[in-house]
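The values are calculated or read from the model by the stated rules, or taken from the named source; none is laboratory data. For clarity, every value in this text was computed on a predicted model and none was experimentally measured. Cβ atoms come from the backbone with ideal geometry, glycine included; neighbour counts cover every protein chain shown. SASA here: full protein model, heavy atoms, side chains in, ligands and nucleic acids out. Shrake-Rupley method; radii C 1.70, N 1.55, O 1.52, S 1.80 Å.
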Amino acid sequence: MLAPVMTAAPAPSTTSPAAALPLPPGPPRAFPLGQLRALQRDPLGFLLSMAREYGDVVRIPVGPREVTLVCHPEGVRRVLVDNARIYTKQTRGFDTVRELLGQGLVTSEGELWLRQRRLAQPAFHRQRLAGFAHTMVRAAESLAETWASEGAGAHPVDVAGGMMALTLKVAGQTLFSTDVSSEAQELRRALTVALRFANARILKPFALPRSVPTPANLAATRAGALLDRVVRGIIERRRREGGSGDDLLAMLMEAVDEETGEHMSDTQLRDEVLTLLLAGHETTANALSWTWVYLSLNPGVRRRLKEELVQVLGGRSPTVEDVPRLVYTRQVIDEVLRLCPPAWIFSRGPSEDDQLGGYRVRAGTFVLVSPWVTHRHPALWENPLGFDPDRFRPERVATLPRFAYFPFGGGPRQCIGNQFALMELTLVVATLAQRFRLDIIPGTPLAPEPTITLRPMGGLRMSMAAHA
């Protein structure tokens, strides 16, 4: 998550071996806000320009503090894996997201995070994921039926909205045995407000307390209340129904703290359900939307994808057994995730001095690792801005450093649902691409909107034609 201002930080260590190293290069400080204005205007372009101009480790003054952008896979590995214990989530960015999601898997740390991760992990076991495949395919087929009934080619299709509704339905049914489709539009609007509010707040040098009744604060409060109502409704319905189940919600509700013997509180349940409901559909929906964009822009890729679907599926619905056979489909998805990663930036706050790429990173500053930037590193990727699924052929992937590609993060905090998402992406693309061709309407803006995730700016409406 992107946050230019850290919370209160410890004093830098003077005894660390890193203290003797030089500070990273970077742009000069421009008073009073440093490079904040440039970051606010175009976060994606600004960070790419910093990497191009200053290299793999860049010190960027932002307001009264500094951030360090880490671009090379070795530096990313040190932050996310090798020295992850000192790179905490105690940043203003995560503080802001906690206001939305509470202390769920994305935002919690320490023993709380470890306990919750252990509770949730069985729900994402490979054997359980296989059982979710039918739900994913059926949701995609239901959307296809809706599109067909509306008349393919008669009018533009709200692709972004369709992908959001589809993935929300899948997340609700697979994780919580609840269909929230009837509330999909309200949830989408509320989430849009919440994400934009959080991103704007992160990028402000000073933010008014949430209690101050500004229009933005009031809108965010209403959006948060709607999200809270839906999630608490899921929990309350399960409590009324009684009995046990085998979905993630049942696991969380039945879990007992080994030390206290207590079950999770309603607040803890709310935080986890909200985190997994939103994280489990927002990022996947965006990846699906960008997939249709890139297929439209690259007709040769689309033809090869269609040929594979004909060869492997022959017009039938895909199953979980087909997923490893849809090799080119997965390469297309990997390339989409390279160019439009689900979470485009991660922030960490080092609790001790450290060294990254031969430079000193001071405790109490702020470190950014960005799949958006590293996935475009010219030393790692040939023609980095081009769309080329063949770069994910096994023999080419084998030549890449481990963290040249990390759309789901890495290390102990890697996204718990990464395999869930990849299976869903493969099955949904295979289901819909057999039936329809989606094309960009001339004049449609195709820029990503860099909030916490990368949605298509202004949504995505496309023309649709049914395959014969």
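If I ask for residues that are open to solvent by less than 10 Å² (accessible area, probe 1.4 Å), of a type outside the set (A, V, I, L, M) and not in a helix (DSSP H, G or I), which ones from region 62-74 would you list? Across region 62-74, the qualifying residues are 63, 68, 71.
As for region 88-103, it holds at least one residue that is open to solvent by 60 Å² or more (accessible area, probe 1.4 Å), touching an Asp or Glu at 6+ places or on another chain (Cβ under 6 Å), among the polar types (S, T, N, Q) and outside any helix (DSSP H, G or I).
Would you check if there is a residue in region 48-57 being within 24 Å of the chain's Cα centre (by Cα), of a type outside the set (D, E, K, R) and in a strand (DSSP E or B)?
Within region 48-57, the first condition is being within 24 Å of the chain's Cα centre (by Cα), and the residues that meet it are 48-51, 56-57.
With of a type outside the set (D, E, K, R) added as a condition, the list becomes 48-51, 57.
Filter again for in a strand (DSSP E or B), leaving 57.
Taking every residue of region 48-57 in turn, at least one turns out to be within 24 Å of the chain's Cα centre (by Cα), of a type outside the set (D, E, K, R) and in a strand (DSSP E or B).
Does residue 397 satisfy the condition of being aliphatic (A, V, I, L, M), open to solvent by less than 50 Å² (accessible area, probe 1.4 Å) and farther than 30 Å from residue 465 by Cβ? For residue 397, the condition - aliphatic (A, V, I, L, M), open to solvent by less than 50 Å² (accessible area, probe 1.4 Å) and farther than 30 Å from residue 465 by Cβ - is not met.
Looking at 445, 384, 456, can you tell me which residue is under 18 Å from the mean Cα position of the chain (by Cα) and farther than 30 Å from residue 314 by Cβ?
On the way: 445 fails: under 18 Å from the mean Cα position of the chain (by Cα); 384 fails: under 18 Å from the mean Cα position of the chain (by Cα).
One residue alone meets the criteria, 456.
Here residue 454 fulfils each of the conditions (1) modelled with pLDDT under 95; (2) open to solvent by 10 Å² or more (accessible area, probe 1.4 Å) apart from (2). For residue 132, the requirement of being more than 25 Å from residue 462 (Cα to Cα), over 20 Å from the mean Cα position of the chain (by Cα) and surrounded by 15 or more Cβ atoms within 10 Å (Cβ to Cβ) is met. Only one of the listed residues (39, 80) is farther than 15 Å from residue 357 by Cβ and out of contact with any Asp or Glu (no Cβ under 9 Å at 6 or more places or on another chain). That residue is 39. All of (1) open to solvent by 80 Å² or more (accessible area, probe 1.4 Å); (2) touching a Phe, Trp or Tyr at 6+ places or on another chain (Cβ under 8 Å); (3) farther than 30 Å from residue 465 by Cβ hold for residue 206 with one exception: (2). Looking only at region 120-129, residues that are open to solvent by 40 Å² or more (accessible area, probe 1.4 Å) and either part of a helix (DSSP H, G or I) or modelled with pLDDT of 85 or more (or both) come to 5 in all. Could we say that residue 349 is within 23 Å of the chain's Cα centre (by Cα) and either open to solvent by less than 10 Å² (accessible area, probe 1.4 Å) or touching a residue at least 24 places away in the same chain (Cβ under 8 Å) (or both) here? In short, yes. Checking each residue in region 363-380 for being open to solvent by 10 Å² or more (accessible area, probe 1.4 Å) and in contact with a helix residue (DSSP H, G or I) (Cβ under 8 Å, 6 or more places away or on another chain) picks out 372, 376, 377, 380. All conditions in (1) under 15 Å from residue 287 (Cβ atoms); (2) at pLDDT below 95; (3) of a type in the set (A, V, I, L, M, F, W, C) hold for residue 425, with the sole exception of (2). Scanning region 45-61 for residues that are surrounded by 22 or more Cβ atoms within 10 Å (Cβ to Cβ), without any contact (Cβ under 8 Å) to a residue 40 or more places away in the chain and more than 14 Å from residue 358 (Cβ to Cβ) yields 50, 60.
When each of 188, 196 is tested for being open to solvent by 60 Å² or more (accessible area, probe 1.4 Å), within 20 Å of residue 225 (Cα to Cα) and touching a helix residue (DSSP H, G or I) at 6+ places or on another chain (Cβ under 6 Å), the lone residue that passes is 188.
If a residue has to be open to solvent by 70 Å² or more (accessible area, probe 1.4 Å) and under 21 Å from the mean Cα position of the chain (by Cα) to count, how many in region 287-316 make the cut? Walk me through how you get there before you give the answer.
Initially, region 287-316 is screened for residues open to solvent by 70 Å² or more (accessible area, probe 1.4 Å), giving 297, 303-304, 307, 310-311, 316.
Pick out the ones that are also under 21 Å from the mean Cα position of the chain (by Cα) and you get none.
Final tally of qualifying residues: 0.
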